[in-house]
Amino acid sequence: MRKCSCFLLCCLLSFVLAGCWDANEPERMVYVEGLGIDMKEGNYTVYLQIVNPSLVAKSESTGGNTQVKVVVGRASGKTLNEAIFNLYRSSQRRIFWGHLSFFVFSEEALKEGGLQATVDLFDRYRETRYTTWIYATREPLFDLLSSVPPLEMSTYFSRLSDPEAAYKQSSFIRPVDMRELLIALNEPPHEVAIPYVRLAKRTWETDEKQDEIVQVDGLVLVTKEELKETLTYKKTKGLKWLNDDLKREEISLSGDFSDISILVDKIKIKKKPVIHNHQIRFQLSFEVKAVLREFVNRERLADIKKETERVLKKDVEDTYAEGLKADTDIYRLSEVLYRKDLNTWKAIEHNGKIPLTEDSLEKVSVKVELIHGDKQRKIPTL
């Protein structure tokens, strides 16, 4: 009787044991690497970049360079989700979104509220993550997403999918992910600067052809409802000097000097609001540690230091002026006042943003310390 009871109990328990009946085999799914969003005449068009997993983990049996490097799917719909479901109709396998690395928006999509719709949709979806990178472009999205890195690399290692690798070597435009986007748009001044990308057609070339490579070339200033301005890199040089996480960036000195290259790898930033007679001014101060990288002719180190400080200050002031032209708080000074003096911010803010003029940036002070010359001393090698 006891043996029968045990056998019956085991049979009943077998029905509640977890199994693999609903599992999706990895090799039988399609993995989305990037999503492009465009809008025309009120309709969304989505572009899905599919990653080729065999190019990420190569083996001796992969068959050389005959593999397809990138596949881009395209579909349209009245809403973003409808466009994606229209694309599902032609998909041969289940599409998995867990490896989605980036969104890239056309300017038309940003002007028509595509950013808000995209973030709302994918913030609700269980497979996606907050570490998805955000970009904007004027390029045709199909051309942008069908470009591949050189040397037969997978799109998994492209500038769009993995921007931090290049940012550690040259921190000229800071990448922004969805988490940082949500924070910036939900806090004063409710604006964010996202990288602007384009195709560089004559930068890299193989022995067979010229490659079109994705290049970061500026910033797009947006709110959750609209696109405010697209600024080239030359107009936004000062913004990199206000990035607390700046890793490494170069300054070129010329004019009265021989050509000199300075490398900035450590920067300490302070932003201070100053209130006089109900007028608010801001003081920005920088402490920079720099390295001599290219130093051909002997020059006075004091003059090099002074010129470096002048260039840094000019970059910051010029970028601030460009932000005013675009009616945007490019240095997020509204947030500085919000953190330092909440009552004053409440008294003058409008939609989270405080009024700024040319006089609002009262002082920019820069202190540069030339710490060494890499492997050589602070004199020319020859």
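The values are calculated or read from the model by the stated rules, or taken from the named source; none is laboratory data. Note that this is a predicted model, so its numbers are computed, not measured. All Cβ positions, even for glycine, are placed from backbone atoms using ideal geometry, and neighbour counts span all protein chains on display. With ligands, DNA and RNA removed, areas are computed over all heavy atoms of the protein, side chains included. Shrake-Rupley method; radii C 1.70, N 1.55, O 1.52, S 1.80 Å.
Values computed for the structure shown
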| read-out | value |
| --- | --- |
| Anchor Lys69: lysines whose Cα lies under 18 Å away (excluding residues fewer than 8 positions away in-chain) | Lys58, Lys209 |
| Loop trypsin sites (Lys or Arg not before Pro), region 232-330 (other Cβ atoms within 10 Å of the site Cβ: 16 or fewer; DSSP) | Lys247, Arg248, Arg298, Arg300 |
| Ratio Rg/Rh [Cα only; Rh per Kirkwood] for the chain | 1.08 |
| Evaluated over region 140-224, the Cα radius of gyration and Dmax, each in Å | 14.8, 50 |
| Size of charge dipole - region 75-122 - debye, nearest 20, with Cβ of Lys, Arg +1 and Asp, Glu -1, no other charges | 340 debye |
| DSSP-loop trypsin sites (Lys or Arg not before Pro) across region 137-221, with at most 15 other Cβ within 10 angstrom | Arg138, Lys168, Lys209 |
| Fully extended contour minus Cα-Cα distance, from Glu127 to Lys168, at 0.36 nm per residue | 11.9 nm |
| Qualifying GluC sites (Glu not before Pro) in region 81-186, DSSP loop, other Cβ atoms within 10 Å at most 14 | Glu127, Glu152 |
| Only Lys, Arg (+1) and Asp, Glu (-1) charged, at Cβ; region 272-318 dipole about Cα centre in debye | 160 debye |
| Computed E for Lys306/Lys3 - FRET, C-beta separation, R0 56 angstrom, nearest 0.05 | 0.05 |
| Options Gln279, Thr203, Leu312, ranked by Cα towards positive dipole end of region 189-319, top entry (Cβ charges) | Gln279 |
| Kyte-Doolittle mean at least -1.0, axial Cα span of 30 Å or more - DSSP H helices of the chain | 301-325 |
| The chain, accessible surface, carbon-and-sulfur percent (1.4 angstrom probe) | 49 percent |
| Only Lys, Arg (+1) and Asp, Glu (-1) charged, at Cβ; the chain dipole about Cα centre in debye | 1120 debye |
| Counted charge near Leu342, where neighbours are those whose Cβ lies closer than 13 Å (Asp, Glu -1; Lys, Arg +1) | -1 |
| Helix-derived mean residue ellipticity, 222 nm - over the chain, DSSP H n ≥ 4, -39500 (n - 2.57), to 500 | -7500 deg cm²/dmol |
| Leading residue at positive end of dipole, the chain (Cβ point charges), from Gly34, Gln49, Phe295 | Phe295 |
| Leading residue at positive end of dipole, region 117-157 (Cβ point charges), from Pro149, Ile134, Leu121 | Leu121 |
| Accessible surface, per residue, of the chain when the full set of protein chains is kept, probe 1.4 Å, Å² | 58 Å² |
| FRET E, pair Asn243, Ser146, Förster distance 45 Å, beta-carbon r, rounded to 0.05 | 0.90 |
| Estimated distance in nm for a label pair at Cys11 and His372, the labels positioned 7 Å out from Cα along Cα-to-Cβ | 7.8 nm |
| Debye log10 I(q)/I(0) at q = 0.16 Å⁻¹ for region 190-336, Cα point scatterers | -1.03 |
